[in-house]
1. Can you name the residue in the range 1-56 that is in contact (Cβ under 8 Å) with a residue 24 or more places away in the chain and among the acidic types (Asp, Glu) and, of all such residues, is nearest to ALA70 (Cα to Cα)?
2. If the requirement is being at pLDDT 60 or above, part of a helix (DSSP H, G or I) and in contact with a Pro (Cβ under 8 Å, 6 or more places away or on another chain), which of these qualifies: ALA125, ALA104, ALA99?
3. Restricting attention to the range 1-23, and to residues there that are part of a strand (DSSP E or B) and more than 26 Å from ARG153 (Cβ to Cβ), which single residue is nearest to the chain's Cα centre (by Cα)?
4. Under 6 Å between Cβ atoms, at least 6 apart or on separate chains: pull out the pairs that start in the range 94-121 with a residue that is in the same structural domain as PHE138 (by TED's automatic domain parsing) and end on any residue that is among the small types (Gly, Ala, Ser).
5. Pick out the one residue from PHE119, PHE49 that is touching a Lys or Arg at 6+ places or on another chain (Cβ under 9 Å) and of a type in the set (Phe, Trp, Tyr).
6. The conditions are (1) over 22 Å from PHE156 (Cα atoms); (2) surrounded by 13 or more Cβ atoms within 10 Å (Cβ to Cβ), and ALA26 fails exactly one of them. Which is it?
7. Only residues that are free of Cβ contacts under 8 Å to residues at least 12 places away in the same chain, surrounded by 10 or more Cβ atoms within 10 Å (Cβ to Cβ) and not small (Gly, Ala, Ser): list them for the range 122-135, please.
8. Which residue out of ALA91, ALA104 is surrounded by fewer than 17 Cβ atoms within 10 Å (Cβ to Cβ) and under 22 Å from ARG153 (Cα atoms)?
Amino acid sequence: MSALDKIVISVSNMSCASCVGRVERALLQVPGVTRADVNLASDTATVTFVEGAVSAHDILTASTQAGYAAKLNSQHASSEAQQRKKLAAKAYVRRTGFAGLLAAPVILLGMGGHVIPGFDGLIMATIGHQSSWVIQFFFTSLVLFGPGLSFYRLGFPACLCIARRSHIRFQSSNHIVPSAFKSCSHTNIHHRSPFNKLQCGV
């Protein structure tokens, strides 16, 4: 039986449970890796693998290609990760507050008529509904491409990585399905007989 080894790596850019799942799946897809335990609180992943079957570089590359830069963990790196996490939390609080301020006009113009009697009539008599929609579009765009931009920067690379893997799996299945039909080519599969199903094993 092959011996198992274990390393701990520091993983960047994780912000939620979905990130943890993506990193774990990316690590487990590396040939030779038998287990991956990702810890969001400490920004680390403990990876168990068959000794000699995979290198630390392969493991780090798998996480990085999934959109989460990784490096070998150390005590210094761990303290740095905790410090980065605290700074990131403060930045998220600031961005959330800023996004709330930008979203306030959108909420007021879009939902004010449901709460304030006569509000829609006031909008119509002053700026008009079309101008109201333009204002809402402007402030919504500021929220998406201002405080919300970091989510796109992390989300799009992860989506592209998932799309590439799905495409690879789809291509693999296309190779499997024709071979299955080819194995049935010696049977009279074109005849509509219940015995053909038995001959094909379906």
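The values are calculated or read from the model by the stated rules, or taken from the named source; none is laboratory data. Keep in mind it's a predicted model, so treat the numbers as computed, not measured. Every residue, glycine among them, receives a Cβ derived from its backbone with ideal geometry; neighbour counts consider all protein chains shown.
1. Ranking the candidates gives ASP43 first.
2. On the way: ALA125 fails: in contact with a Pro (Cβ under 8 Å, 6 or more places away or on another chain); ALA104 fails: in contact with a Pro (Cβ under 8 Å, 6 or more places away or on another chain).
Selected residue: ALA99, the only one of ALA125, ALA104, ALA99 that is at pLDDT 60 or above, part of a helix (DSSP H, G or I) and in contact with a Pro (Cβ under 8 Å, 6 or more places away or on another chain).
3. At the first step, the residues of the range 1-23 found to be part of a strand (DSSP E or B) are 4-11.
Filter again for more than 26 Å from ARG153 (Cβ to Cβ), leaving 4-8.
Values: LEU4: 29, ASP5: 28, LYS6: 25, ILE7: 24, VAL8: 22 Å.
Taking the candidates together, the pick is VAL8.
4. LEU109/SER132; PHE119/GLY112; PHE119/GLY113; ASP120/GLY113
5. Numbers: PHE119 fails: touching a Lys or Arg at 6+ places or on another chain (Cβ under 9 Å).
Selected residue: PHE49, the only one of PHE119, PHE49 that is touching a Lys or Arg at 6+ places or on another chain (Cβ under 9 Å) and of a type in the set (Phe, Trp, Tyr).
6. Looking at each condition in turn, ALA26 falls short on (1).
7. Pass one, the range 122-135, residues free of Cβ contacts under 8 Å to residues at least 12 places away in the same chain: 122, 124-131, 133-134.
Cutting the leftovers down to surrounded by 10 or more Cβ atoms within 10 Å (Cβ to Cβ) gives us 122, 124, 127-129, 131, 133-134.
The answer is LEU122, MET124, ILE127, HIS129, TRP133, VAL134.
8. On the way: ALA104 fails: under 22 Å from ARG153 (Cα atoms).
Going through ALA91, ALA104 in turn, just one is surrounded by fewer than 17 Cβ atoms within 10 Å (Cβ to Cβ) and under 22 Å from ARG153 (Cα atoms): ALA91.
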